[in-house]
Each structure stands twice: as C-alpha cells, then as structure tokens.
Amino acid sequence: MASSSSSSGNSGEFKTIKERVSFEKDIKKSKFIAIAGSVSDDKSAMSFLSQVRDPKATHNCWAYKVGDQYRSNDDGEPSGTAGKPIYSAISTSGIDRVMVVVIRYFGGIKLGTGGLVRAYGGVASECLKNAPTCLVKTKVPMGVEVPFDLLGVLYHQLQSFNVEDMKQDYDTGKDDISMVTFKVDFDKVEKLEDTLKSNCSRELKFYKH
C-alpha cells in the first residue's frame, strides 16, 4: 500500500543529508537494512529506490519527504506497519529532501504489528541519526530589466551575491533593454535589490517568480 500527500510552498532553509548512508540490524532473525539518500522530487526518489532495492528481499519498504510532499509504501507488509513508521522517522529527524528504503529479509519469526512498526521506524531513525547533514538555503528565481550600458555593473553585483542560473534575454521588445534572470538565496533578495538600486543610476524593474 502506498500513501502520498503534497501541498505547495516551502521556503527558507532546510536540512538534508550530504551522502548516502545505511544502517543494518538483525531483529528476531530478520535482517533489516535501512538506506537513506538525498532526493529532490518523486522522479529522483523512484530512481533512488530502483538503485538500492533488492528484488530478492522479502520486502523493500520506503518513504520520502520533499518539502510538503511525501510518499510511503509498505511493499506487502501489513498496512501502516512499514512506510508510515519510516516516514515518521524522517519527519522526527527534521531532515528534508530525503528518502529511506528499508530492506527486510524474513528470518522465519513473525514480529506482529507493533513489532514491525518498531523495527521499520527504529532502523530508519538510527540510519538518519548517523547521517552527515548540511543546511541548504532555498533559491528564489528573479529577473531584472536593465539597460545595455548597465549590464557590466549588474553582472559584477550579481556575482558578489553568488547567484545561480544566470541567463540573459535581449528580446524584451524594449529598445536597449535586456532581461537578466537568476536565482538567489531567499534571505538575500531584499539586500540584492537595494544594492542594485544604489549601484545602478537608473530605475530598475524587478520580477519575482
């Protein structure tokens, strides 16, 4: 059984894992292997699952969280005993943009509903506890209309703010005006606008996506 949810919006900064990590534990003769990795959307999560899942295992249960979007799957275990506890472990950890796949090799002893919840949630939690994390700031897409003769000043300022995905479009339909689009850290938007206004002698038109 799979469950999913999503809603729009996520801003600010988030904590994610730097690299793939795993944690292994034997519980009543069943081997549980939790593998956590960084994902950016549903497509990358499914790609991560296909890389780490073991077709020979009894179950490959998983959950992921990307902002407000999440999915989980019990992969044949009783409903709510695997995917949800894995998701709970992710949620409790405070880590975002992460997927945890827990692979189970059945050892002959049934764990019961409570035992499964503790097993899947426990190994997922331990796996994330061991994961090296980093803080990532979300990027805000912006655009600015700028006269050709101020492009040099603009580029110099944008570089000092470490913007990404900088593109230029001369076809604005306005004489001698170019549109420059880029992405900047969410907490630098206002300062960037103020700096550009004070360094460029004319009024600039800003666009936020």
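The values are calculated or read from the model by the stated rules, or taken from the named source; none is laboratory data. None of the values given here were measured: they were computed from a predicted structure. Using ideal geometry, Cβ is built from the backbone for each residue, glycine included, and neighbour counts are taken over all protein chains shown. All accessible areas refer to the heavy atoms of the entire protein, side chains included, with ligands and DNA or RNA removed. Shrake-Rupley method; radii C 1.70, N 1.55, O 1.52, S 1.80 Å.
Worth a mention:
- Total residues in the stretch 79-130, condition surrounded by fewer than 13 Cβ atoms within 10 Å (Cβ to Cβ) and under 14 Å from T58 (Cα atoms): 3
- Filter result for D75 (surrounded by fewer than 22 Cβ atoms within 10 Å (Cβ to Cβ) and without any contact (Cβ under 8 Å) to a residue 60 or more places away in the chain): yes
- Filter result for the condition that a residue is among the basic types (K, R) and assigned to a strand (DSSP E or B), over K110, K65, K43: K65
- Subset of the stretch 72-119 [more than 30 Å from T138 (Cβ to Cβ) and acidic (D, E)]: D74, D75, E77
- Neighbours by Cβ (under 6 Å, 6+ apart or cross-chain): first from the stretch 152-165, farther than 11 Å from T181 by Cα; second part of a loop (DSSP other than H, G, I, E, B) and at pLDDT below 85: V153/C200
- Residue check, G122 in a helix (DSSP H, G or I) and without any contact (Cβ under 8 Å) to a residue 24 or more places away in the chain: no
- M142 passes every criterion in (1) of a type in the set (A, V, I, L, M); (2) assigned by the TED database to the domain that holds K29; (3) modelled with pLDDT under 90; (4) open to solvent by less than 30 Å² (accessible area, probe 1.4 Å) apart from (2).
- Tallying residues that are out of contact with any helix residue (DSSP H, G or I) (no Cβ under 8 Å at 6 or more places or on another chain), over 22 Å from K137 (Cβ atoms) and surrounded by 15 or more Cβ atoms within 10 Å (Cβ to Cβ) within the stretch 156-201 yields 1.
- Members of the stretch 153-201 found to be assigned to a helix (DSSP H, G or I), among the β-branched types (V, I, T) and over 30 Å from the mean Cα position of the chain (by Cα), listed by number: V153, T195
- Residue check, E126 in the same structural domain as F23 (by the TED database) and charged (D, E, K, R): yes
- Among the residues listed as K29, K56, the single one being at pLDDT 95 or above, exposed (fewer than 15 other Cβ atoms within 10 Å of the Cβ) and farther than 23 Å from C134 by Cα: K56
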